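Chemist: First the structure, which I've put down as structure tokens, then a few questions once you've had a look.
The values are calculated or read from the model by the stated rules, or taken from the named source; none is laboratory data. Bear in mind the structure is a predicted one, so any value in this text is a computation, not a measurement. All Cβ positions, glycine included, derive from the backbone under ideal geometry; neighbour counts span all protein chains shown. Calculation scope for accessible area: heavy atoms of the full protein, side chains included, ligands and nucleic acids excluded. Shrake-Rupley method; radii C 1.70, N 1.55, O 1.52, S 1.80 Å.
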Amino acid sequence: QVQLVESGGGVVRAGGSLRLSCAVSRMLVTDVMGWYRQAPGKQLELVASITTDGTTAYEDLVKDRFTIYRDNAKNMLTLQMDNLKPEDTAVYYCNLRRDWPARNLYWGQGTQVTVSS
């Protein structure tokens, strides 16, 4: 079993920054990692992902503002969020996808990010 624990959420004014961290009990270099978010009344959406070779992908609304990176040695996933907007307000979840020996998805408990205007 894999445990993921997020931290770093909070309340910030528009234009500010936050850094979310996800501590993973054991991260493999082959794991695909991502950050998702869910705003009130909306569906869960993928914000950013990073593959085994470091390739990143971002949801259009956060491109050029958010940066995802991973440290396999420290079992840590990070999401740096800059120039935050009120529409970024949501619960953010860390996700790990492991494809061997079978595909499994693991989730953290979520961390609240609130951006005030």
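Chemist: Quick one: go through segment 71-92 and flag any residue whose amide nitrogen is under 19 Å from the point 7 Å out along the Cα-to-Cβ line of ARG13.
Modeler: Backbone N within reach: 81-89.
Chemist: Let me ask something else about it. With a 1.4 Å probe and every protein chain left in place, tell me how much accessible area VAL12 has, in Å² to the nearest 10.
Modeler: 20 Å²
Chemist: Using θ = phi - 60° and the Karplus form 6.51 cos²θ - 1.76 cosθ + 1.60, what ³J(HN,Hα) does each residue of segment 22-35 get, whole Hz, x for Gly and Pro?
Modeler: These are the phi-based 3J(HN,Hα) values: 10, 8, 10, 4, 7, 9, 9, 5, 8, 6, 9, 10, x, 10 Hz.
Chemist: If you don't mind, there's one more thing I want to ask. I'd like the carbon and sulfur percentage of the solvent accessible area for segment 21-79, probe radius 1.4 Å, heavy atoms only, ligands and nucleic acids excluded.
Modeler: Details: 1670 of 3240 Å².
The value for segment 21-79 is 52 percent carbon and sulfur by accessible area.
Chemist: With every protein chain present, what accessible area does GLU59 have (1.4 Å probe, heavy atoms only), rounded to the nearest 10 Å²?
Modeler: It works out to around 40 Å².
Chemist: What are the radius of gyration and Dmax of the chain, computed over its Cα atoms and given in Å?
Modeler: 13.6, 46
Chemist: Obtain the nm distance between the two label points defined at ASN72 and LEU46 by a simple spin-label model: each point lies 7 Å from its Cα along the Cα-to-C-beta direction.
Modeler: 2.0 nm
Chemist: Let me ask you something else. ³J(HN,Hα) across segment 104-113 via Karplus (A = 6.51, B = -1.76, C = 1.60, θ = phi - 60°), whole Hz, x for Gly/Pro?
Modeler: Using θ = phi - 60°, the values come out as 9, 10, 10, 10, x, 7, x, 9, 7, 10 Hz.
Chemist: Probe of 1.4 angstrom, ligands and nucleic acids ignored: what's the accessible area per residue over the chain, in square angstrom?
Modeler: Working: 6480 Å² over 117 residues.
I get 55 Å² per residue for this part.
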